[in-house]
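> Got a structure here, written out as structure tokens. Questions coming.
The values are calculated or read from the model by the stated rules, or taken from the named source; none is laboratory data. The shown structure was predicted, so the numbers you read here are calculated from the model rather than taken from an experiment. Because the Cβ atoms are built from the backbone with ideal geometry, glycine has one as well, and the counts that use them run over all protein chains shown.
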Amino acid sequence: MSQLIFVNLPVKNLETAKTFFGKLGYSCNPQFTDEHTACVVISDSIFVMLLTESRFKDFTKKGIADASATTEVILALSAESREKVDEIADTALASGGSPANEPMDFGHMYGRSFQDPDGHIWEVMWMDPAAIGAQQG
């Protein structure tokens, strides 16, 4: 079995967060979704657990960072093309997200970033497979 990643994020309003990620084309796994938690399926190996702040507190003794004021993590996802990067970022901005940083364009690598409704920063990156192969050899 391949290794999986479950990113746990606190959210102020679970329904708002679920709607946002739904507009980006991601679904929730109903088996792990209830009134306090939603399991957003990003891919076969990447899942985002959206947890109400009260539920999130069950898993930590530390305070919860206010992502609208403090950066606690930058989440980066790959995309299959430059066009897909733009599609995801534009959809996020049109669906309640906000800009995070200026686009990055290095020719062989292109990325854009946005903040979700809770202020978590997401980057979407495309890397030219030919450039990646050249760097590995």
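> Mind listing whichever residues of the range 53-67 are surrounded by fewer than 18 Cβ atoms within 10 Å (Cβ to Cβ) and not small (G, A, S)? Break it down stepwise before answering.
In the first step, residues of the range 53-67 are kept if they are surrounded by fewer than 18 Cβ atoms within 10 Å (Cβ to Cβ); the result is 53-54, 57-66.
Matches in the range 53-67: E53, K57, D58, F59, T60, K61, K62, I64, D66.
> Still on this model: May I ask you to list the residues in the range 46-77 that are of a type in the set (S, T, N, Q) and either assigned to a strand (DSSP E or B) or closer than 21 Å to P129 by Cα (or both)?
Taking the range 46-77 and keeping what is of a type in the set (S, T, N, Q), we get 52, 54, 60, 68, 70-71.
Residue satisfying the conditions is T52 alone.
> Also: Kindly establish whether L14 is in contact with a helix residue (DSSP H, G or I) (Cβ under 6 Å, 6 or more places away or on another chain) and either within 30 Å of A131 (Cβ to Cβ) or not assigned by TED's automatic domain parsing to the domain that holds A131 (or both).
no
> Among the residues of the range 1-29, write down those that are surrounded by 14 or more Cβ atoms within 10 Å (Cβ to Cβ) and free of Cβ contacts under 8 Å to residues at least 12 places away in the same chain.
Across the range 1-29, the qualifying residue is only G22.
> Now, a different point. Which condition number does Y110 fail, the rest of (1) more than 14 Å from N8 (Cα to Cα); (2) not assigned by TED's automatic domain parsing to the domain that holds W126 being met?
Y110 satisfies every listed condition except (2).
> Taking only the range 78-124 into account, find how many residues are surrounded by fewer than 16 Cβ atoms within 10 Å (Cβ to Cβ), in a strand (DSSP E or B) and of a type outside the set (D, E, K, R).
Looking only at that region, the number is 5.
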